[in-house]
């Protein structure tokens, strides 16, 4: 028996194995490539687009509502057209992408931190604490995210920071539930018992022993949730309760182009929409693949 | 010799997976006469269950029968269309599966599952089908069958469910029942009861039976003949007496020596060294070679079935007892 | 069974209470409707009169007691903007939303289950892949954007369907419905499809995952071994098993469809509760927001209860086995 076991495959770090499994899906790789491009464009926004869309000095009102491909007064071509203030749509989209990604990622990180803390604590403490926290989670999850976010924003008012708070408040419960689920399973395993026998501090057991073993499902949920957060932010901004006009996200751009769309000037709304779509699909493709790769039960 | 009820020739069922082709069944030959009980023995992964399912064309993708013939009453089932197979399944050849907890649909009542089995092959009224189901349940020893027909599987014990499965198999008085380890998941006492009853029912109705199992002791109590499988092939076949009393393949002998028996008191039990090989990575030639204490250079070539009769054969270059008898045990 | 229902009812009452406290506290603490409702040019006297009339000068707990007391009597206050009872306003808009939500669910189920079954039975076929790709898109596309595209395509460019509104309605039980008239139906199609898209993707995924899992079960193989026709194996043995999770999730999702109708109603100018909610939020019309929330919470509670009952009817293990773990 032992001789057979010794013939295990050559040493390979878990990360390398994951990367290789991940790369086996070409759609997921394409999604990842697109995502990297999008993130780079958003990070380097100022250097990759022709104008700063919110520097009024750079706008030329004479160039307003130009169709895609038009030549502007400044001598360059507006590949995606301009809006009613003569703003280059390509620049506006890249900057909007920045706001959307910022909101989505930061909200997800905050929610992740809160959810993990609460979920781990519940699972580790067990009994009463667990019951109470999970009841709270259940109640929150029984209400649709959009409803809770709407109400919160109705109370908080507009603003990037407020949208982030609302989105984090909506999401934390998912993570709490996810990590509690896996932590409960892990908790019963011998290595936790061993750590407890060594009288390690509770905090250390939770962070160094429990948490790393509960990460895979969390990573998957978090990836997909970033896409959800971005879509939700866009929706809220579209409904007029999201980010302010001074710092428009993709959803805001789409909403402000809506009126022109019905009269045939499609580009003001269509291109931000496509950018939003591509971003969300790319994240979802990566998330889907991660789930397949990280969940050995589904690998056949 | 007359034409047998079932004759399997060189049956090959392969699973085309991403990791490679798994040759779960790779050239199996079997024959079975009317009313005969055959024990198909092998350890897990030997391909015995897949053989049973291949006969009825029930292998799920990515598995596929890629070669050989299954002659049932002279008709080749491998080439038969789905429609023809459907007419045979349940009516001519019935199947019983391993885990009675899993073979009955949890959300349909027993009555529904039996009535549909009757009506799949005969145009009869629901009342008539119900009556037939009732009688079938009574025949396998289930009390108050009316009440039972209205029940759902989770209300039954494992042994009862397996009786229901047997009753379903018997509904159309088939020519052949393929039973895939039907007692493995049951308690030992229930096992014995079920075993006894299946044997009795088959004898009464003249139904032939293929009993797939890993348990030689069960087979010796039940079967007329035995076929031993290893790594997708039949390595030895013969009557129960021949297999038990005079095994020729070293693997068969190994199996026998690992079973406790009253007749060999005081002789230490022996296990077969090594593990069942991965079907993805079978050794060249005889698959048992790496674990065999009799292997020689000849074993790198796949031995053909050899023996005196078609139904007494073994697949070994150096069969047990070729020199002096009784050396090992 | 009765104990089960009673216990569920008690639980639900607690949820409703908790929600009303939270909502009230939240709105009291942060919003300030006075600034919105009373014109800046009004003099001190007019302000004070308005505040007294609306009860905004009382301490918080008194306002709350007053609120609960009248809520139990069905009075959730008067809309600041419309000057009519808030609850009546919400309820009056409810049928339009319900109609839209149910139509969307119908679309999701009628299309989603067959598509999901197909994709689950033949996961590697072209059709299976197309269905799955479609469902990924359905998950990814924000509802409002799809709605806009639908209007763009079918109303503006092709001119086949109207872009918004309820169209002509006919009365049934004293309530106007769009689906009873041909004109109303044409108005219903686009919003219903828009609202259904997300749930359709969900149903496809659930049905597909369920089918893939159930199709591998021994009881399916046993059913085939009995000689049953594929239509019966799929239509009864597989379908009935995948229906359990689908119905559960769908029932629970009816609430979220009603919530999401906020978006669809805004895009298609559908005069339901959702549009009312957005308008009220933007106008800080506090009583209407509260009335909407309480009606929705109540709705959710009722829906969850019904789902539990239907669930137990579908799954004999629960129906007959008594309690659940």
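The values are calculated or read from the model by the stated rules, or taken from the named source; none is laboratory data. All values reported here derive from a predicted model rather than from experimental measurement. Quick reminder, even Gly has a Cβ in these numbers, built from the backbone with ideal geometry, and neighbours come from all protein chains shown.
For this structure, a couple of remarks:
Condition check ((1) touching a strand residue (DSSP E or B) at 6+ places or on another chain (Cβ under 7 Å); (2) crowded, with 23+ Cβ neighbours inside 10 Å; (3) in a helix (DSSP H, G or I)) across all residues:
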site	(1), (2), (3)
B:160	no, no, yes
B:178	yes, yes, no
B:212	yes, yes, no
B:219	yes, yes, yes
B:229	yes, yes, no
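- Filtered residues of the stretch A:158-168 (kept if away from chain C (no Cβ under 11 Å) and touching a residue at least 60 places away in the same chain (Cβ under 8 Å)): A:159, A:160, A:163, A:164, A:166, A:167, A:168
- Single unsatisfied condition, residue A:81 versus (1) modelled with pLDDT of 70 or more; (2) on the phi < 0 side of the Ramachandran plot: (2)
- The criterion of being in contact (Cβ under 8 Å) with a residue 40 or more places away in the chain, buried (at least 23 other Cβ atoms within 10 Å of the Cβ), under 19 Å from residue B:228 (Cβ atoms) and in contact with a helix residue (DSSP H, G or I) (Cβ under 6 Å, 6 or more places away or on another chain) holds for residue B:25.
- Pairs with Cβ under 8 Å, 6+ apart, first in the stretch B:92-111 and free of Cβ contacts under 8 Å to residues at least 12 places away in the same chain and within 7 Å of another protein chain (Cβ to nearest Cβ), second surrounded by fewer than 20 Cβ atoms within 10 Å (Cβ to Cβ) and in a helix (DSSP H, G or I): B:102/C:218
- For the stretch C:157-179, the set of residues classified as surrounded by 15 or more Cβ atoms within 10 Å (Cβ to Cβ) and without any contact (Cβ under 8 Å) to a residue 40 or more places away in the chain consists of C:161, C:162, C:167, C:168, C:169, listed by residue number.
- Members of the stretch B:54-74 that are modelled with pLDDT of 85 or more, outside any strand (DSSP E or B), out of contact with any helix residue (DSSP H, G or I) (no Cβ under 9 Å at 6 or more places or on another chain) and under 24 Å from residue B:231 (Cβ atoms): B:54, B:55
- Residue C:249 assigned to a helix (DSSP H, G or I) and either away from chain B (no Cβ under 14 Å) or on the phi > 0 side of the Ramachandran plot (or both): yes
- Considering C:266, C:256, the condition of being modelled with pLDDT under 85, at the interface with chain A (Cβ under 10 Å from one of its Cβ atoms) and assigned to a helix (DSSP H, G or I) is satisfied by C:256 alone.
- Positions within the stretch B:75-91 being assigned to a strand (DSSP E or B) and at the interface with chain C (Cβ under 8 Å from one of its Cβ atoms), in sequence order: B:89
- Listed by first and then second residue, the pairs linking a residue in the stretch C:137-151 that is more than 7 Å from chain A (Cβ to nearest Cβ) to a residue that is surrounded by fewer than 24 Cβ atoms within 10 Å (Cβ to Cβ) and in a loop (DSSP other than H, G, I, E, B), with Cβ atoms under 8 Å apart and 6 or more places separating them unless they lie on different chains, are C:151/C:163; C:151/C:164.
- Every condition in (1) within 24 Å of the chain's Cα centre (by Cα); (2) surrounded by fewer than 18 Cβ atoms within 10 Å (Cβ to Cβ); (3) outside any loop (DSSP other than H, G, I, E, B) is met by residue A:259 except one, and the failing one is (1).
- Just one residue in the set A:248, A:217, A:244 is more than 23 Å from residue A:32 (Cβ to Cβ), touching a helix residue (DSSP H, G or I) at 6+ places or on another chain (Cβ under 7 Å) and either more than 9 Å from every other protein chain (Cβ to nearest Cβ) or crowded, with 24+ Cβ neighbours inside 10 Å (or both); that residue is A:248.
- Residue check for residue A:155: within 14 Å of another protein chain (Cβ to nearest Cβ), within 20 Å of the chain's Cα centre (by Cα), part of a helix (DSSP H, G or I) and surrounded by 17 or more Cβ atoms within 10 Å (Cβ to Cβ): no
- Scanning the stretch B:31-71 for residues that are farther than 28 Å from residue B:221 by Cα and within 14 Å of chain C (Cβ to nearest Cβ) yields B:57, B:58, B:59, B:60, B:61, B:62, B:63, B:64.
- Note on the stretch B:242-257: residues that are over 18 Å from residue B:31 (Cβ atoms) and either modelled with pLDDT of 85 or more or assigned to a helix (DSSP H, G or I) (or both) amount to 10.
- Going through (1) in a helix (DSSP H, G or I); (2) surrounded by 23 or more Cβ atoms within 10 Å (Cβ to Cβ); (3) touching a helix residue (DSSP H, G or I) at 6+ places or on another chain (Cβ under 6 Å) one by one, residue B:51 falls short only on (3).
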